[in-house]
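Structure record follows, encoded as structure tokens.
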Amino acid sequence: MSNSSAPKRSIVTGAASGIGYAIAERLIADGGSVVAFDLDSGGLDDAAKQLGDNYIAQPGSVTDANDIQAAVARAESDLGGLDSLFNVAGAIRPGPITDLDGETWDFTVDIVLRGVFLCTKYAAQSMIRAGNGGSIVVVSSVNAHIPLYGGSAYAAGKAGADMFAKNAALELGRHGIRVNSVLPGLVDTPMAGFILENEGIMAEFDANAVLKRPAKPSELAAPAVFLASGDASYITGSSLVVDGGYEIGSYPDLSKYL
Ligand SMILES: NC(=O)c1ccc[n+]([C@@H]2O[C@H](COP(=O)([O-])OP(=O)(O)OC[C@H]3O[C@@H](n4cnc5c(N)ncnc54)[C@H](O)[C@@H]3O)[C@@H](O)[C@H]2O)c1
């Protein structure tokens, strides 16, 4: 179903793959245009062939303030402004805490937390200059709530990003800018490949996941675009868990004993 109140001029980080690609695809299907910002320039070019002229490839890193400012400038010049930002880019370098070195920690936290701050900063400056309000969505993770063995930097960064979204909602609401976060569970994307391809991990996943399957990327795109759209005009500072019931399924299954 299309959403006529979806934002028309957006920046999507991580738009070459997975959830970011699905969000860009959904925004374009809803009549919008997207500055697709990603490190993977080959992936951006491939996606542009699929999604057409309203997908504007802008290579760069969310860890680099100059790259981000260039993406915001591209939205202003090519789209005439910016209605929404989707902070989706993510990566993880796992390792148990006792073996983890500072650089490996920084790699993950720089992308999933500092990158969200920098992108939000420059996008919000542009929205405030234009004076029309806007909306920002942060793609966090259920690992903001549930720790992940070997993923301390990722889980702490995602929890930080979730709280950052609330802080940004508090500061930016006076400018008519809403900020919300989405917390996916397991999603069928390249990033989750090592989990999806491992039978042992998937058996444990199925034991807890109420819906017994990973999400398709489009099942994250729909709620993310909803939060950025006019249909969510009174929602700000909220965190939406989109995990197929994974988080609520972790208690022992008492149905066998009652
Ligand atoms: N797949 C899952 O199960 C899952 C679950 C919870 C949260 N998430 C989160 O969803 C978001 C999207 O992940 P995905 O599953 O679609 O993965 P993905 O690997 O398919 O896509 C991530 C994209 O981010 C880009 N990227 C990485 N570092 C970047 C940087 N420094 N600057 C710009 N772009 C960069 C990659 O090139 C890639 O295109 C991530 O933030 C991830 O942590 C994913």
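The values are calculated or read from the model by the stated rules, or taken from the named source; none is laboratory data. Note that the coordinates shown come from a computational prediction; the quantities given were computed from them, not determined experimentally. Ideal geometry is used to build each Cβ from the backbone, glycine not excepted, and the neighbour counts take in all protein chains shown. Accessible surface areas use protein heavy atoms only, side chains included; no ligands, DNA or RNA. Shrake-Rupley method; radii C 1.70, N 1.55, O 1.52, S 1.80 Å.
Observations, loosely collected:
- Restricting attention to segment 239-258, the residues that are open to solvent by 50 Å² or more (accessible area, probe 1.4 Å) and under 26 Å from GLY32 (Cβ atoms) total 2.
- Taking the numbered list (1) within 14 Å of the ligand (Cβ to nearest atom); (2) in a helix (DSSP H, G or I); (3) touching a helix residue (DSSP H, G or I) at 6+ places or on another chain (Cβ under 7 Å) in turn, ASP45 passes all entries but (3).
- Residue list for segment 61-77, filter: touching a strand residue (DSSP E or B) at 6+ places or on another chain (Cβ under 6 Å) and away from the ligand (no atom under 12 Å from the Cβ): ARG74, ALA75
- For segment 3-22, the condition holds for no residue, the condition being that it is among the β-branched types (Val, Ile, Thr) and away from the ligand (no atom under 12 Å from the Cβ).
For every residue, the table says whether it meets (1) among the small types (Gly, Ala, Ser); (2) more than 20 Å from the chain's Cα centre (by Cα); (3) under 22 Å from ASP110 (Cα atoms).
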| position | (1), (2), (3) |
| --- | --- |
| ASP162 | no, no, yes |
| ALA168 | yes, no, yes |
| HIS175 | no, yes, no |
| SER181 | yes, no, yes |
| GLY185 | yes, no, yes |
| ALA192 | yes, no, yes |
| LEU196 | no, no, no |
| ALA203 | yes, yes, no |
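- Contact map, segment 170-189: first residue in a helix (DSSP H, G or I), second residue at pLDDT 95 or above and not polar (S, T, N, Q), Cβ cut-off under 7 Å, separation 6 or more or different chains; pairs are LEU170/GLY237; LEU172/ALA124; LEU172/VAL179; HIS175/MET127; HIS175/ILE128; HIS175/GLY133.
- Annotation note: Cβ proximity below 6 Å between a residue of segment 70-95 that is free of Cβ contacts under 8 Å to residues at least 40 places away in the same chain and open to solvent by 20 Å² or more (accessible area, probe 1.4 Å) and a residue that is hydrophobic (A, V, I, L, M, F, W, C) and in a strand (DSSP E or B) (sequence gap 6+ or interchain) occurs for ARG74/VAL35.
- Residue within segment 85-97 that is in a helix (DSSP H, G or I), under 29 Å from ALA209 (Cβ atoms) and of a type in the set (A, V, I, L, M) present: no
- Filter result for LEU227 (open to solvent by less than 40 Å² (accessible area, probe 1.4 Å), under 13 Å from the mean Cα position of the chain (by Cα) and near the ligand (Cβ under 10 Å from one of its atoms)): no
- Search result, residues across segment 170-195 that are more than 9 Å from the ligand (Cβ to nearest atom), at negative phi and open to solvent by 10 Å² or more (accessible area, probe 1.4 Å): LEU170, GLU171, LEU172, GLY173, ARG174, HIS175, ARG178, PHE194
- Residue match in segment 208-220 (condition: among the basic types (Lys, Arg), within 29 Å of LYS121 (Cβ to Cβ), open to solvent by 10 Å² or more (accessible area, probe 1.4 Å) and under 16 Å from the mean Cα position of the chain (by Cα)): no
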